[in-house]
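Below: one structure, written as structure tokens.
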There are 2 protein chains.
Amino acid sequence: MTSLDQTHDAALRSWVKGADGHPDFPIQNLPLGVFSPADGVMRPGIAIGDQILDLTALLGTGLLQGEEALAAEAAGGTALNSLLALGAGPRRALRARLSELLRAGSPERDRVAPLLHDAATCTLHLPAAIGDYTDFYVGIHHAENIGKQFRPDNPLLPNYKHVPIGYHGRASSIRPSGTPVRRPRGQSKAPDAAEPSFGPSRRLDLELELGVWIGPGNELGTPIPIGVAPAHIAGYCLLNDWSARDIQAWEYQPLGPFLAKNFASTISPWIVTPEALAPFRIAQAARPAGDPTPLPYLLDESDQSGGAFDLRLDVFLVTPRLREAGHPPHRISASNTRHMYWTMAQMVAHHTSGGCNLQPGDLLGTGTISGPERDACGSLVEATLGGKEPIRLASGEERRFLEDGDEIILRARGIREGFATIGFGECRAVILGAVA
Amino acid sequence: MTSLDQTHDAALRSWVKGADGHPDFPIQNLPLGVFSPADGVMRPGIAIGDQILDLTALLGTGLLQGEEALAAEAAGGTALNSLLALGAGPRRALRARLSELLRAGSPERDRVAPLLHDAATCTLHLPAAIGDYTDFYVGIHHAENIGKQFRPDNPLLPNYKHVPIGYHGRASSIRPSGTPVRRPRGQSKAPDAAEPSFGPSRRLDLELELGVWIGPGNELGTPIPIGVAPAHIAGYCLLNDWSARDIQAWEYQPLGPFLAKNFASTISPWIVTPEALAPFRIAQAARPAGDPTPLPYLLDESDQSGGAFDLRLDVFLVTPRLREAGHPPHRISASNTRHMYWTMAQMVAHHTSGGCNLQPGDLLGTGTISGPERDACGSLVEATLGGKEPIRLASGEERRFLEDGDEIILRARGIREGFATIGFGECRAVILGAVA
């Protein structure tokens with residue numbers, strides 16, 4: 001795992017106004033992304049406070065050398081895939097140099113300050129061209145909650161504690177935070193209906209997930225051993241894997257979810273690096289004593305002792321009426337990544353164990369991360385028990401599933417005493433009505 | 001559907017030696033691909049007999065004009081995605097011009113002949129960069145055969161005759177014909193075992209499928225109506241969706257196949273165009289009277305009357321001992337695309353019905369296309385009844401599943417009286433032993 005160094009020091013201050021104490025992007029974070037300012041030209045950037053540092057312009061100043069410059073050069077253009085492919089060395093060198101340049105008292109302040117853009121005036125894009133997208137199912141409370149709705153006495157299937165269950169998703173329909181999501185139409189069949197029908201989904205749901213950005217990756221036929229899996233993870237994001245539960249229930253046998261999921265997925269646009277999250281590493285927490293020991297290809301001492309994460313996760317709902325009445329967003333859920341039954345490294349090792357190749361910019365989702373309590377559910381189908389017990393809002397409204405105009409906001413933050421709080425930024429989207 | 005024109009005339013002859021009567025690539029076919037001759041430089045090409053015409057070099061001669069030239073320009077480089085994106089107009093114009101240039105008596109013969117390469121000296125590549133890969137399940141006899149092994153009394157699930165069942169697959173591990181396939185290792189659990197174990201798959205299988213290359217595609221949120229779906233299909237290939245049945249049985253609940261399929265898929269490298277296959281269109285054959293009428297979004301008169309295909313499909317097995325003893329390849333199966341329960345247009349319309357976007361170069365698989373008879377099964381798990389009844393070979397060997405060194409060859413041909421036979425070329429690969 002990444003060791004802690006000076007870039008993590010909670011006492012570090014930045015000369016960038018608003019960066020110190022920023023809930024997401026203090027100088028200890030420095031996430032990577034692709035943005036376009038007012039001129040519309042896409043370029044790589046670094047979030048710092050409410051500003052974005054233009055990485056290509058920074059390279060042009062000559063302030064980056066060696067591996068730092070290599071990283072910034074690779075980031076050039078409209079996607080960060082080539083930077084992700086370089087692996088940890090250049091990424092860490094760039095982080096160390098950015099930490100120096102943005103630090104209070106930096107002698108280069110006057111040369112760097114003109115390269116900042118007010119984030120509020122910029123458009124954020126997908127940070128990489130996503131080759132393949134895979135979604136896992138490592139939130140054990142989610143698996144249990146969903147399983148209970150189908151099999152009350154035996155919610156977890158026999159393979160769950162042996163196999164990091166995953167399946168392939170759709171890469172083309174992944175969009176950055178802020179892109180509205182069109183309610184899908186599709187086939188469904190009510191239990192009491194004689195025949196299926198086609199129309200707008202009536203059980204539109206969210207899924208609270210983390211995304212994993214793949215770094216160097218592997219050649220076809222050459223698995224990534226779990227001991228080196230962390231070297232192939234370039235960073236993390238939030239992921240909302242929107243789901244149409246009525247379409248899903250009718251289509252998913254025997255080959256899994258398809259149209260119920262592929263109409264849209266939303267991610268937070270910043271790649272939060274493994275370095276930034278190093279203070280929030282914890283031992284594997286979600287595997288109780290007595291559970292089966294993972295097979296050797298999934299077992300690594302360092303991963304067991306420090307491969308999990310303690311990150312607070314929140315889901316907020318804003319309805320048009322809540323917004324009009326001036327109510328704050330309604331928190332549906334407060335969860336935590338410690339509820340993942342498998343680590344990110346186990347996901348990577350399993351995915352490649354049969355020889356499947358991962359490529360720079362591929363995205364892995366964790367699956368929905370729910371906690372054990374009702375107010376820690378990462379989806380509405382869990383929080384409302386399949387729509388039976390609606391959520392009540394301050395506006396007097398109820399919600400079983402999402403309605404047109406509703407907005408969902410996901411947040412993730414590392415919070416630990418003695419360290420700066422590190423956030424992912426927001427992952428948000430509004431639901432638009434189905435096409436007529 | 002594509003109308004028949006002079007390019008389909010069975011009486012057409014080519015000046016290219018060996019093209020007339022070629023079982024795959026007569027002048028009536030003219031499939032598109034990407035190849036590299038001895039110099040190793042990748043470029044677009046057209047198969048004609050046992051030769052490949054260099055399309056970039058042809059463009060350089062000035063013999064292409066207007067839309068023909070537009071198509072050849074778009075094909076430039078190492079992938080045909082931009083050509084596929086252009087749609088049918090330029091593709092048809094190019095076909096018509098190529099048919100003139102390669103025809104016996106063409107006044108341009110002396111200018112074109114130097115641009116031919118002996119296919120035996122060339123390497124063939126994937127014809128396009130595959131963004132997303134989706135696999136369907138439209139072979140109804142396959143679905144019944146597999147279903148019978150799990151549910152003897154009720155082999156087809158209730159959704160099968162309403163929903164063109166599909167799921168997302170892995171794009172990164174698709175390779176062109178000739179690339180060896182490494183036997184995957186993975187988790188499996190024998191029915192009588194107390195715990196799962198990890199090791200080389202012992203039930204390695206093939207799947208006989210057709211692939212569909214997507215042309216222009218659609219924007220996210222804008223479904224492709226079935227009536228215009230054919231305009232978004234740029235061509236077809238053979239597809240072997242290799243499957244590890246022991247891994248599949250243990251991992252596939254509840255989200256579908258994952259590592260059982262993503263270690264490799266093999267495709268034939270030529271894009272056989274809708275124009276070339278126009279003579280082999282037939283009415284929907286696999287949907288017996290009395291079956292449910294498709295929902296309106298899947299129903300189109302022209303698709304019902306001429307949207308299916310009559311293409312002969314063959315699966316051959318070559319073992320090292322068969323080869324050494326000089327035996328011909330053993331035919332495991334003879335099937336036909338008329339056993340598809342859903343058409344290619346229905347696959348496209350369904351895939352996009354919820355708004356999912358298809359992009360130029362995306363690949364759709366049909367799923368395994370088996371006929372109703374034992375000798376028409378598109379996979380070994382069907383042909384051997386799950387390994388219970390082995391196939392006997394002329395070498396005295398038996399096969400339940402594939403062994404190291406075995407080679408599988410898929411073939412597809414359109415054969416119709418009064419028309420030239422059109423083939424797809426071969427889709428073949430040898431099985432290599434698992435990594436130690």
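Mind listing just one residue for me: the one in the stretch B:402-436 that is over 30 Å from B:Pro127 (Cβ atoms) and more than 14 Å from chain A (Cβ to nearest Cβ) and, of those, least open to solvent (accessible area, probe 1.4 Å)?
In the first step, residues of the stretch B:402-436 are kept if they are over 30 Å from B:Pro127 (Cβ atoms); the result is B:403, B:417, B:436.
Subsequent filtering for residues that are more than 14 Å from chain A (Cβ to nearest Cβ) retains B:403, B:417.
On the way: B:Glu403: 92, B:Glu417: 178 Å².
Per the criteria, the residue is B:Glu403.
Would a scan of the stretch A:233-244 turn up a residue that is surrounded by fewer than 24 Cβ atoms within 10 Å (Cβ to Cβ) and more than 20 Å from A:Ile174 (Cα to Cα)?
Checked the stretch A:233-244: no residue is surrounded by fewer than 24 Cβ atoms within 10 Å (Cβ to Cβ) and more than 20 Å from A:Ile174 (Cα to Cα).
Tell me the residue from B:Thr56, B:Thr78 that is of a type in the set (S, T, N, Q), open to solvent by 20 Å² or more (accessible area, probe 1.4 Å) and either modelled with pLDDT under 95 or part of a loop (DSSP other than H, G, I, E, B) (or both), please. Don't jump to the end; show me each part of the working.
Values: B:Thr56 fails: either modelled with pLDDT under 95 or part of a loop (DSSP other than H, G, I, E, B) (or both).
It is B:Thr78.
Of all residues in the stretch B:289-337, how many are closer than 22 Å to B:Glu209 by Cα and out of contact with any Leu (no Cβ under 9 Å at 6 or more places or on another chain)? Break it down into steps so the answer makes sense when it comes.
In the first step, residues of the stretch B:289-337 are kept if they are closer than 22 Å to B:Glu209 by Cα; the result is B:298, B:303-304, B:306-319, B:329-337.
Within this subset, residues satisfying the condition of being out of contact with any Leu (no Cβ under 9 Å at 6 or more places or on another chain) are B:298, B:303-304, B:306-308, B:310, B:312, B:318.
The number of residues fulfilling the criteria is 9.
Is there a residue being touching a Leu at 6+ places or on another chain (Cβ under 8 Å), in a loop (DSSP other than H, G, I, E, B) and hydrophobic (A, V, I, L, M, F, W, C) anywhere in the stretch A:85-101?
Scanning the stretch A:85-101 turns up no residue that is touching a Leu at 6+ places or on another chain (Cβ under 8 Å), in a loop (DSSP other than H, G, I, E, B) and hydrophobic (A, V, I, L, M, F, W, C).
Tell me, which strands (runs of 3 or more DSSP E) wholly within the stretch A:119-198 include 1 or more residues that are more than 9 Å from chain B (Cβ to nearest Cβ) and more than 15 Å from A:Ser265 (Cα to Cα)?
Working: elements: A:123-125, A:133-136, A:166-168, A:174-176, A:185-188.
Ranges flagged: A:123-125, A:185-188.
Within the stretch A:199-221, take every residue that is more than 20 Å from A:Pro31 (Cα to Cα), in contact with a strand residue (DSSP E or B) (Cβ under 6 Å, 6 or more places away or on another chain) and part of a loop (DSSP other than H, G, I, E, B) and give me the one that is farthest from the other protein chains (Cβ to nearest Cβ).
A:Leu206
So, in the stretch B:412-436, how many residues would count as being part of a strand (DSSP E or B), more than 12 Å from B:Arg183 (Cα to Cα) and over 19 Å from the mean Cα position of the chain (by Cα)?
Count: 0.
For A:Gly217, indicate whether it is in the same structural domain as A:Asp310 (by TED's automatic domain parsing) and crowded, with 24+ Cβ neighbours inside 10 Å. Please lay out each step first, then the result.
On the way: in the same structural domain as A:Asp310 (by TED's automatic domain parsing): yes; crowded, with 24+ Cβ neighbours inside 10 Å: no.
No, not satisfied.
Test B:Gly227 against the stated conditions and say whether it is touching a Ser or Thr at 6+ places or on another chain (Cβ under 9 Å), open to solvent by 30 Å² or more (accessible area, probe 1.4 Å) and closer than 30 Å to A:Val435 by Cα. So that I can check it myself, show each step before the final result.
Numbers: touching a Ser or Thr at 6+ places or on another chain (Cβ under 9 Å): yes; open to solvent by 30 Å² or more (accessible area, probe 1.4 Å): yes; closer than 30 Å to A:Val435 by Cα: yes.
Yes: the conditions hold for B:Gly227.
Could you run through the stretch A:63-75 and say how many residues are surrounded by 20 or more Cβ atoms within 10 Å (Cβ to Cβ) and touching a residue at least 40 places away in the same chain (Cβ under 8 Å)?
Residues meeting the conditions: 1.
Quick check on this structure: which one of A:Ala278, A:Ala283 is in contact (Cβ under 8 Å) with a residue 12 or more places away in the chain, away from chain B (no Cβ under 14 Å), open to solvent by 30 Å² or more (accessible area, probe 1.4 Å) and more than 21 Å from A:Leu206 (Cα to Cα)? If you could, list the steps in order and put the result at the bottom.
On the way: A:Ala278 fails: open to solvent by 30 Å² or more (accessible area, probe 1.4 Å).
Just one listed residue meets the conditions, A:Ala283.
Kindly indicate which of B:Asp118, B:Asp110 is more than 30 Å from B:Gly405 (Cα to Cα) and of a type outside the set (Ser, Thr, Tyr).
On the way: B:Asp118 fails: more than 30 Å from B:Gly405 (Cα to Cα).
Criteria check complete, one pass: B:Asp110.
Only helices (runs of 4 or more DSSP H) wholly contained in the stretch A:297-372 count here; list those with 3 or more residues that are in contact with a strand residue (DSSP E or B) (Cβ under 9 Å, 6 or more places away or on another chain) and surrounded by 24 or more Cβ atoms within 10 Å (Cβ to Cβ).
Fully inside the stretch A:297-372 and qualifying: A:344-352.
Going through the stretch A:1-53 one residue at a time, which ones are polar (S, T, N, Q), open to solvent by 40 Å² or more (accessible area, probe 1.4 Å) and part of a loop (DSSP other than H, G, I, E, B)?
Applying the first criterion (polar (S, T, N, Q)) to the stretch A:1-53 yields A:2-3, A:6-7, A:14, A:28-29, A:36, A:51.
Pick out the ones that are also open to solvent by 40 Å² or more (accessible area, probe 1.4 Å) and you get A:3, A:6, A:51.
Correct list: A:Ser3 only.
Say we look at the stretch B:245-275 and pick out the residues that are within 12 Å of chain A (Cβ to nearest Cβ) and among the small types (Gly, Ala, Ser); which of these is surrounded by the fewest Cβ atoms within 10 Å (Cβ to Cβ)?
Per the stated criteria, the residue is B:Ala249.
Hey, B:Ile409 hits all of (1) touching a strand residue (DSSP E or B) at 6+ places or on another chain (Cβ under 9 Å); (2) of a type outside the set (Ser, Thr, Tyr); (3) more than 18 Å from B:Ile174 (Cβ to Cβ); (4) not in a loop (DSSP other than H, G, I, E, B) but one; which does it fall short on?
Against the list (1) touching a strand residue (DSSP E or B) at 6+ places or on another chain (Cβ under 9 Å); (2) of a type outside the set (Ser, Thr, Tyr); (3) more than 18 Å from B:Ile174 (Cβ to Cβ); (4) not in a loop (DSSP other than H, G, I, E, B), B:Ile409 comes up short only on (3).
If you take the residues of the stretch B:90-118 that are in contact with a Ser or Thr (Cβ under 7 Å, 6 or more places away or on another chain) and of a type in the set (A, V, I, L, M, F, W, C), which of them is least open to solvent (accessible area, probe 1.4 Å)? Can you show your working first?
Within the stretch B:90-118, the first condition is being in contact with a Ser or Thr (Cβ under 7 Å, 6 or more places away or on another chain), and the residues that meet it are B:91, B:95-96, B:99-100, B:102-104, B:111.
Next, only the ones that are of a type in the set (A, V, I, L, M, F, W, C) stay: B:96, B:102, B:104.
Values: B:Ala96: 42, B:Leu102: 1, B:Ala104: 55 Å².
Result: B:Leu102.
Please state which one of B:Arg151, B:Arg202 is open to solvent by 60 Å² or more (accessible area, probe 1.4 Å) and free of Cβ contacts under 8 Å to residues at least 24 places away in the same chain. Full working, then the answer.
Working: B:Arg202 fails: free of Cβ contacts under 8 Å to residues at least 24 places away in the same chain.
Step by step, each of B:Arg151, B:Arg202 is checked, and only B:Arg151 is open to solvent by 60 Å² or more (accessible area, probe 1.4 Å) and free of Cβ contacts under 8 Å to residues at least 24 places away in the same chain.
The values are calculated or read from the model by the stated rules, or taken from the named source; none is laboratory data. Note that the coordinates shown come from a computational prediction; the quantities given were computed from them, not determined experimentally. Quick reminder, even Gly has a Cβ in these numbers, built from the backbone with ideal geometry, and neighbours come from all protein chains shown. Note: areas computed on protein heavy atoms with side chains; ligands, DNA, RNA excluded. Shrake-Rupley method; radii C 1.70, N 1.55, O 1.52, S 1.80 Å.
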